[in-house]
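Visitor: First, the structure itself, so that you have it in front of you.
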Ligand code: GLA
């Protein structure tokens with residue numbers, strides 16, 4: 001078993017191949033955190049717990065006159081609240097008597113083989129090859145009957161520990177859950193930096209690194225989605241840690257709604273990390289006998305810097321997260337109509353674009369927004385998922401057949417969670433959207449959000465979308481969500497339960513996705529929320545790929561894809577070649593560079609193929625051929641960031657290396673060009689230092705060692721925004 005309880009030291013020991021995680025039941029029954037990091041053989045770490053009489057640190061009653069035992073500074077596994085720990089708590093619960101105290105003491109545990117399950121939300125699963133064991137520890141507040149069941153599944157070979165918390169009301173009065181973290185980790189020391197990924201629409205997941213200073217620093221979302229603005233992924237790392245070295249801890253939350261990741265450095269320089277559902281606006285009534293489950297947090301530790309952490313997440317998210325069989329299959333290269341036609345098309349125009357794309361080597365045509373209801377711009381039509389025959393005279397099935405006759409697969413765009421006021425659906429069911437009666441509502445992109453916390457609304461969507469999917473041959477669906485949620489209020493919940501709406505919306509969304517996406521394993525679903533506004537593990541459970549950003553500019557994408565790559569595998573990141581001047585930035589970059597950047601993901605095109613020159617089409621054809629040849633390496637290999645677009649203004653480079661180190665693909669884009677400039681070198685990574693490699697198309701042989709330690713000269717003839725891409729083979 002990778003999990004043990006040492007009864008002599010009252011210590012739980014969780015072990016993956018390279019890491020250990022230890023916690024201990026204190027003499028008063030509190031669960032204290034001892035250690036998380038490199039694997040260690042020790043089973044008793046009592047010597048690490050240093051106590052002293054500290055002023056203004058209360059002592060719990062059970063400690064009697066012992067003034068050295070205080071929850072104010074002890075590292076806890078899941079904190080108490082209202083009992084003398086003043087740091088950001090793991091849980092806040094209002095008991096039946098109105099008190100806000102949770103004093104959870106260990107009240108039993110179980111260790112079993114296999115992974116715990118979460119019924120209502122996505123979580124990782126164990127494959128037949130994985131050795132996974134689970135520990136569940138019950139922390140019970142004897143006075144109120146509130147129980148927090150801490151669940152830990154240890155993916156031994158993958159060096160991953162997942163956590164979730166189940167709240168059970170074992171008392172006699174209803175309780176209000178005001179905050180519930182999926183995981184807390186208390187560090188006994190202080191010298192950490194935090195790395196997180198913030199952004200905005202069309203500029204997602206920018207890299208931030210800041211020192212953990214005294215006080216609380218929280219990132220999160222209250223927008224109803226995981227958001228463009230912050231991603232539910234956090235790294236806590238040692239001060240000196242970098243790409244290839246240093247100790248790093250990853251926190252990745254499998255949740256698509258309001259989340260929070262809090263980092264607090266306390267008065268004694270200790271650090272607490274919390275992660276889970278954002279408590280802002282959250283208030284969940286849990287009646288006696290009822291349970292509330294927090295989403296899953298995926299924890300990883302690497303002593304090999306960010307790259308080590310990235311590999312752990314990429315491996316587990318490729319194998320143990322997605323329920324789509326496509327996660328393991330080569331994805332078709334698509335062409336999408338959005339930047340080619342926006343809302344302005346008819347069947348003929350669409351077929352012309354598709355026809356030209358065939359010659360480029362494209363496999364799949366995706367009809368984006370504008371095909372349904374009254375939808376000539378983004379002010380109307382959402383909710384009416386019936387084809388607009390004025391634009392598509394033969395309907396979706398007719399168009400799909402024509403597209404298939406060209407030898408292409410067919411895909412379609414939908415935005416099921418939304419409704420336009422100018423739509424038949426809204427006219428029929430004005431009460432189906434989130435809004436507070438008697439209060440004017442806010443619009444986003446001139447649209448309203450359907451109330452997915454209601455089962456009747458969810459069931460309606462399941463029916464409508466499933467009908468759409470069975471009416472025509474559809475191999476791909478882009479599932480969009482184009483606004484931040486506001487005016488949160490549900491018509492079916494009583495006033496004192498409105499604080500449940502946002503979470504219930506997400507549960508409703510997962511229910512709808514279960515009933516649509518999981519029922520259609522033959523269809524590729526692509527996640528989207530104005531690009532990458534909902535790029536999280538829960539969406540990847542349903543959708544093997546996500547449209548990474550509405551920004552298709554190759555230079556901007558270097559940063560966006562760099563940030564995305566820290567947690568999320570390349571094979572989940574959809575990226576398109578579009579035209580220049582770029583529609584978002586006006587920048588002009590060579591089509592070769594656009595292809596190179598787009599194939600650092602799931603390659604696609606988003607342009608009017610009828611307007612490309614013969615030369616451009618030939619370039620696209622070559623790109624697709626090259627991409628398909630190296631797909632396995634790109635999708636399944638180890639990913640290395642060779643330079644940071646934030647630190648290196650001159651070039652951005654990245655590398656895919658096959659697991660056996662025999663093949664590698666190196667890509668580099670020159671981001672700034674100066675005259676008579678310095679000769680620069682790019683140092684490769686991940687190769688076998690003792691092996692010899694050949695660059696495809698060249699005769700010379702180089703050792704893995706020299707390629708990694710001396711590097712390769714960046715060609716001086718490259719102009720700004722030009723790039724190079726080459727393959728290495730072990731010889
Ligand atoms: C969002 C998506 C785009 C496109 C438009 C259509 O912004 O991210 O790719 O589908 O919606 O309205």
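Visitor: For the chain, what is the mean residue ellipticity at 222 nm derived from helices alone (per DSSP H run of n ≥ 4: -39500 (n - 2.57); sum divided by total residues; nearest 500 deg cm²/dmol)? The partial results should precede the final answer.
Guide: On the way: 13 runs with 136 residues, N = 731.
Computed mean residue ellipticity for the chain: -5500 deg cm²/dmol.
Visitor: Per-residue counts of other Cβ atoms within 10 Å, averaged by peptide: what ranking do you get for 585-592, 534-541, highest first? Write out the running numbers ahead of the final one.
Guide: Values: 585-592: 16.4, 534-541: 28.4.
Per-residue Cβ counts within 10 Å, averaged per peptide and sorted highest first, yield 534-541, 585-592.
Visitor: Peptides 660-666, 156-162: what's the order by average Cβ count within 10 Å, highest mean first? Walk me through the numbers before you get to the answer.
Guide: Details: 660-666: 19.0, 156-162: 22.4.
Going by the mean number of other Cβ atoms within 10 Å, highest first, we get 156-162, 660-666.
Visitor: Relative to the longest principal axis of the C-alpha atoms of the chain, give the angle of the C-alpha long axis of helix 347-360, reported between 0 and 90° and rounded to the nearest 10°.
Guide: Between the helix axis and the principal axis of the chain, the angle is about 90 degrees.
Visitor: Within the range 215-232, list the residues whose amide N lies under 15 Å from a label point set 7 Å along Cα→Cβ of residue 200.
Guide: Output list for this probe position: 228-230.
Visitor: According to the square roots a ≥ b ≥ c of the eigenvalues of the Cα gyration tensor, what is the shape class of the range 460-568, taking rounded for a/c under 1.5, prolate for a/b larger than b/c otherwise, and oblate for the remainder? Don't jump to the answer; show the numbers that get you there.
Guide: Working: a/c = 2.25, a/b = 1.24, b/c = 1.82.
It is oblate, given that a/c is not under 1.5 and a/b is not larger than b/c.
Visitor: In whole Å, what is the distance between the alpha-carbon centres of the range 586-627 and the range 276-343?
Guide: Going from one Cα centre to the other spans 29 Å.
Visitor: For the pair residue 729 and residue 690, how long in nm is the line joining their label points, each one 7 Å along Cα→Cβ?
Guide: Label-label distance for residue 729 and residue 690, simple model: 2.3 nm.
Visitor: Sticking with this one: Rounded to the nearest 0.05, what FRET efficiency do residue 174 and residue 217 give with R0 = 25 Å and r taken as the Cβ-Cβ distance? Could you check? Each step should come with its number before you reach the end.
Guide: On the way: r = 34 Å, r/R0 = 1.36.
So the FRET efficiency works out to roughly 0.15.
Visitor: Additional query: In nm, give the distance between the simple-model label positions of residue 119 and residue 38, each being 7 Å from the Cα along the Cα-to-Cβ direction.
Guide: Label-label distance for residue 119 and residue 38, simple model: 4.4 nm.
Visitor: Let me ask another. Between residue 6 and residue 518, what is the FRET efficiency for a Förster distance of 41 Å, r being their Cβ-Cβ separation, to the nearest 0.05?
Guide: Numbers: r = 41 Å, r/R0 = 1.00.
That pair, residue 6 with residue 518, gives E of 0.50.
Visitor: Can you give the alpha-carbon Rg of the range 360-489 over 2.2 N^0.38 Å, where N counts its residues? Let's see the in-between values first.
Guide: Numbers: Rg = 15.8 Å, N = 130, 2.2 N^0.38 = 14.0 Å.
In units of the globular-protein estimate, the range 360-489 measures up at 1.13.
Visitor: Let me ask something else. With a point put 7 Å past each Cα toward its Cβ, work out how far residue 244 is from residue 352 in nm, to one decimal.
Guide: A separation of 5.3 nm, rounded to one decimal place.
Visitor: Starting from the Cα-Cα distance between residue 428 and residue 329, subtract it from 0.36 nm times their residue separation and give me the gain in nm to one decimal. Display every interim value, and only then the final one.
Guide: Details: separation 99, 0.36 × 99 = 35.64 nm, distance 4.19 nm.
The span from residue 428 to residue 329 would gain 31.5 nm if fully extended.
Visitor: Assuming a ≥ b ≥ c are the square roots of the Cα gyration tensor eigenvalues, decide whether the range 135-187 counts as rounded (a/c under 1.5), prolate (otherwise, with a/b larger than b/c) or oblate.
Guide: On the way: a/c = 2.94, a/b = 2.35, b/c = 1.25.
Prolate, because a/c is 1.5 or more and a/b exceeds b/c.
Visitor: How far is helix 395-405 tilted off the main Cα axis of the chain, in degrees rounded to 10, range 0 to 90?
Guide: Here the helix axis deviates by roughly 70 degrees.
Visitor: Here's another thing I want to ask about it. Taking Rh as the Kirkwood radius computed over C-alpha pairs, what is the Stokes-Einstein D of the range 176-317 at 37 °C in a medium of viscosity 0.692 mPa s, expressed in µm² per second? Intermediate results must be reported in sequence, preceding the final value.
Guide: Details: Rh = 15.7 Å.
Answer from the Stokes-Einstein relation: 208 µm²/s.
Visitor: Shape of the range 481-520 from its Cα gyration tensor (a ≥ b ≥ c, root eigenvalues): rounded if a/c is under 1.5, otherwise prolate when a/b > b/c, or oblate? Don't skip to the answer; put the middle values down first.
Guide: Working: a/c = 3.51, a/b = 1.77, b/c = 1.99.
Note, shape of the range 481-520 comes out oblate.
Visitor: While we're here: Please determine, in degrees from 0 to 90 and to the nearest 10, the orientation of helix 501-516 with respect to the longest principal axis defined by the Cα atoms of the chain, where the helix direction is its Cα long axis.
Guide: Taking Cα atoms only, the helix is inclined about 50 degrees.
Visitor: Based on the mean of other Cβ atoms within 10 Å per residue, sort peptides 669-679, 25-35, 204-214 so the most packed one is first.
Guide: Averaged packing, sorted descending, gives the order 25-35, 204-214, 669-679.
Visitor: Quick check: convex hull over the Cα atoms of the range 515-598, volume per residue in Å³, rounded to an integer?
Guide: In the range 515-598, the Cα convex hull volume per residue is 96 Å³.
Visitor: Let me check I have the definition right: for the chain, take the eigenvalues of the Cα gyration tensor, multiply each by 5, take square roots. What are those semi-axes in whole Å, largest first?
Guide: On the way: eigenvalues 387, 238, 84 Å².
Ellipsoid half-lengths, sorted descending, are 44, 35, 20 Å.
Visitor: While we're on this one: Ignoring solvent entirely, what values of log10 I(q)/I(0) come out of the Debye formula for the range 112-228 at 0.22 Å⁻¹ when each Cα is a single scatterer?
Guide: Calculated log10 I(q)/I(0) at the listed q: -1.22.
Visitor: Let me ask you something else. How large is the Rg to Rh ratio of the range 11-82 when both quantities use alpha carbon positions and Rh follows Kirkwood? Display every interim value, and only then the final one.
Guide: Values: Rg = 13.5 Å, Rh = 13.2 Å.
My calculation of the ratio gives 1.02.
A short reminder: the numbers here are calculations on the coordinates, not readings from a lab. The structure displayed is predicted, hence computed values, not measured ones. Neighbour counts are summed over all protein chains in view; Cβ atoms, including those assigned to glycine, are modelled from backbone coordinates with ideal geometry.
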